[in-house]
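The structure under discussion appears below in the form of structure tokens.
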Amino acid sequence: MLQIYDSLLKGGTIVNQNGCLRADLGIRDGRIVAFGLLDETHAGQIVDCRGLHILPGVIDTHVHFRDPGNTHKESMESGSRAAVLGGVTAIFDMPNTIPQTTTESALAAKISHGRNHMHCDFSFFVGATKDNIEQLANLEWQAGCCGIKVFMGSSTGNLLLDDDDDVAAILRGTTRRVAFHCEDEALLRACTHLRVKGNPETHTLWRSAEAALMCTTRLLHLARKVERRVHLLHVSTAEEMSLLSDFRDIASVEVTPHHLTLEENESYTRLGTFAQVNPPLRNSAHQLALWSAVRGGLADVIGSDHAPHTRDEKNRPYPESPSGMPGVQTFVPVMLHHVHTGRLTLERFVDLTSAGPARLYGIAGKGRIAEGYDADLTIVDLKRQERLSDQWIVSECGWTAFDGMEVTGWPVGCYVRGRQVMWEGELVESFVGTPMRFTR
Ligand code: DOR
Ligand code: ZN
């Protein structure tokens, strides 16, 4: 019998960044081939999606799986399982693994391992160091690479490049958008005495809003001078946002669910070192500015900055405790809850999590629901109420800073290139992930 569709998703509401449409969706050979009122006679699997919303697959452009080197915190397998159970269909992984992803061979090893161990699609950032600046122009265009990442302030691992001349050399020597962690290293060093042992609240004094602003200011003026595009990761302060509005032509902006959701004082009281992250959580005035950037369009993408550490590691006395919290599995439910409370529209969520990543990074065939695009889909129930809990987390770390949060809005399924990888909280098909392709 002629099979027109491998899968037919019936009766859902299809959402793109520019609007919604009630329609069936037909998938064949991993791609979206039709939507509208579709005939089910020649379909393989038919899935009832009445009452559900079908979004383009959520792309998390900022995760730290710890593979290779620290797989007791997270492996590619556990991290990507957390991703798909949370409704994320593709991830960009950061280079601060062991070994660091700073050479062609380290990148190739990660890609080859990813092919057999990832449940979602993937790509890898290459880290910039003083020693590989000359090679970055070649490295950034390797298959499976999403771009270059520069730590201008030191964080977890040893990757650091804080010299303006080096940063200018990277920008001049490369062509893709370069992603930056901005906290001014000199100011951080000058302020280390502000850390008080056993007192994680002092994390914000040491890694101040000024340190973030100072570094972002330096970077933006450098980028202006050399006429290059830059991507600012996890922007956390009001002052950076207002500065960034003058650099829209060259700078793109990421915000994170934790900076949007967790306020510093409440979080340190409730979570102690488990709230310790770089850049730090901020007060509600900064948070309001981040929300205004989300609503007004200044923010281009949301990335989870999934940075798992084990409970034992986080339980060390501050500042021996490492910075970072997991986020890839809670990304979609936390943000859908913000949709529910009216802080952003569902279309804007799609813009920030699929259309935005595709536009910024030039991801081939992903980022929207349209004929010919990959059938990467995040299927959500906007009415479903759940309580986020540590027990639900499948990350190796086994905890979430959102434990106890009641949310309305839940990922019930996801498809990766036409294959159902998650449905109703179960992993349906394993290891389907392949490296993403990029057009620019
Ligand atoms: O809090 C953080 N943790 N910030 C970073 O920049 C790195 C990350 C990690 O890898 O643990
Ligand atoms: Zn990060």
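Counting the residues of segment 205-233 that are buried (at least 21 other Cβ atoms within 10 Å of the Cβ), within 16 Å of ligand 1 (Cβ to nearest atom) and not polar (S, T, N, Q) gives 8.
Evaluate segment 48-58: report whether one residue or more is within 30 Å of Gly127 (Cβ to Cβ) and either at pLDDT below 95 or touching a strand residue (DSSP E or B) at 6+ places or on another chain (Cβ under 6 Å) (or both). If you could, list the steps in order and put the result at the bottom.
Looking only at segment 48-58, we keep the residues that are within 30 Å of Gly127 (Cβ to Cβ), and these are 56-58.
Checking the rest, the ones that are also either at pLDDT below 95 or touching a strand residue (DSSP E or B) at 6+ places or on another chain (Cβ under 6 Å) (or both) come to 57-58.
Within segment 48-58, one or more residues are within 30 Å of Gly127 (Cβ to Cβ) and either at pLDDT below 95 or touching a strand residue (DSSP E or B) at 6+ places or on another chain (Cβ under 6 Å) (or both).
Cβ-Cβ distances below 8 Å connect the following pairs, each with a first residue in segment 295-315 that is under 23 Å from Pro95 (Cα atoms), a second residue that is within 12 Å of ligand 2 (Cβ to nearest atom) and modelled with pLDDT under 95, and a separation of six or more residues or different chains: Ala307/Thr156.
Cβ-Cβ distances below 7 Å connect the following pairs, each with a first residue in segment 239-258 that is within 13 Å of Gly303 (Cα to Cα), a second residue that is of a type in the set (Lys, Arg), and a separation of six or more residues or different chains: Ser252/Arg177. Taking segment 326-399 and the helices (runs of 4 or more DSSP H) fully enclosed by it, the elements with 2 or more residues that are under 15 Å from the mean Cα position of the chain (by Cα) and over 17 Å from Pro411 (Cα atoms) are at 356-361. Of all residues in segment 123-144, one or more are part of a loop (DSSP other than H, G, I, E, B), within 16 Å of ligand 2 (Cβ to nearest atom), at pLDDT 95 or above and surrounded by 24 or more Cβ atoms within 10 Å (Cβ to Cβ).
Quick check on segment 104-114. Is at least one of its residues farther than 21 Å from Glu426 by Cβ, out of contact with any Cys (no Cβ under 7 Å at 6 or more places or on another chain) and modelled with pLDDT under 95? Walk me through how you get there before you give the answer.
If we filter segment 104-114 for residues that are farther than 21 Å from Glu426 by Cβ, which is where we start, we get 104-114.
This time we only want the ones that are out of contact with any Cys (no Cβ under 7 Å at 6 or more places or on another chain), so: 104-106, 108-114.
The next check asks that each one be modelled with pLDDT under 95; those that pass are none.
No, the conditions are met nowhere in segment 104-114.
Of everything in segment 291-318 that is of a type in the set (Val, Ile, Thr) and within 16 Å of ligand 2 (Cβ to nearest atom), the residue that is surrounded by the fewest Cβ atoms within 10 Å (Cβ to Cβ) is Val301.
Looking at this structure, is Val84 more than 16 Å from ligand 2 (Cβ to nearest atom), crowded, with 22+ Cβ neighbours inside 10 Å and modelled with pLDDT of 95 or more? When the stated conditions are applied, Val84 passes them. Say we look at segment 87-103 and pick out the residues that are more than 21 Å from Glu424 (Cα to Cα) and of a type in the set (S, T, N, Q); which of these is nearest to ligand 2 (Cβ to nearest atom)? If we take residues in segment 87-103 being more than 21 Å from Glu424 (Cα to Cα) and of a type in the set (S, T, N, Q), then Asn96 is nearest to ligand 2 (Cβ to nearest atom).
The values are calculated or read from the model by the stated rules, or taken from the named source; none is laboratory data. Computed from a predicted model, the values in this text were never measured in an experiment. So basically every Cβ, Gly included, is an ideal-geometry build from the backbone, and we count neighbours across all protein chains shown.
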